[in-house]
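Nothing in this text is a laboratory measurement; each read-out follows from the coordinates by a stated rule. Because the structure is predicted, anything quoted here is derived from the model rather than measured. A quick note on method: Cβ atoms are made from the backbone with ideal geometry, for glycine too, and the neighbour counts reach across all protein chains shown.
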Amino acid sequence: MLGRIAELAQAHALAVMGSVQRDQENLPDHVQTLVLLGPHEPGFWETFTASPEYMDGAPDPMDRWSRRVIDQMARQLGARAFYPFGVQPPHPFFSWALATGRVWSSPVQFLVHDIAGLWASFRGALGFDEILDQPARAAPPCATCAQPCATACPVGALTPQGYDVPACHAFLDSADGQHCLSGGCIVRAACPVSQTFGRRPEQSAFHMRQFHP
């Protein structure tokens, strides 16, 4: 089944970022296996920007695109769709991700993925009422890494001691911070795994504009 899910996801430039079973984590009612979905690179940005949601100029284009695509996948697979947005209280994607064995807390406390690195993100998840086989767990990349992320932030806003959000916003308002706005967070980009992921700078700039309008 995971192969079928991955095949359908890749048709929309999405990837299976990990899966978790009920005995590993607290899942929604009647869900026995939860499969997390995120961008597949290269190709996600090109797929998204060709969508009607991106081109219609209405708010929240990526969230609307995610709902359309993942709702469609849920119907095809007999699953339920869950999202990291649009619901209160929010679904615990952070803890779900940690339970997959493919995602860990990084030295700067952001999530790091075995393939996406610090570019880890989730567009949604599919919940199944059956136990699905799971792939072998990956090795944590930070254990053998020099951890350049810990010292990459030029103003020390994102470090192992925590995230100083006001300092980050102040830097993004400065001339020196324009590089982060146009190409994405320097700390996330410093991760060696991130550097092999193939994420487009335009996608990072899109997300930075949502974070710092």
Quick one: if the Förster radius is 45 Å, what FRET efficiency do Val155 and Glu46 give, using the C-beta to C-beta distance and rounding to 0.05?
0.85
Cα-centred dipole magnitude for the range 25-68, charges only on beta-carbon of K, R (+1) and D, E (-1), debye, nearest 20
100
Spin-label model distance (nm) - His30 vs Arg75, 7 Å beyond Cα toward Cβ:
1.8
Charge sum, other residues only, whose C-beta stays under 10 Å from Tyr83's C-beta, Lys/Arg counted +1 and Asp/Glu -1:
0
Per DSSP H run of n ≥ 4, the term is -39500 (n - 2.57); total these for the chain, divide by its residue number, and report the mean residue ellipticity at 222 nm rounded to 500 deg cm²/dmol.
-9500 deg cm²/dmol
To the nearest µm²/s, what D does Stokes-Einstein give for the chain at 10 °C and 1.306 mPa s, using the Kirkwood radius over alpha carbon pairs as Rh?
88
Which values, in whole Å and largest first, are the semi-axes of the equivalent ellipsoid of the range 67-117 obtained as the square root of 5 times each eigenvalue of the Cα gyration tensor?
25, 14, 9
Tyr54 neighbourhood, Cβ < 12 Å, K/R = +1, D/E = -1, net charge -4
Using unit Cβ charges (K, R positive; D, E negative) and no other charged atoms, how large, in debye to the nearest 20, is the dipole of the range 37-168 about its Cα centre?
160
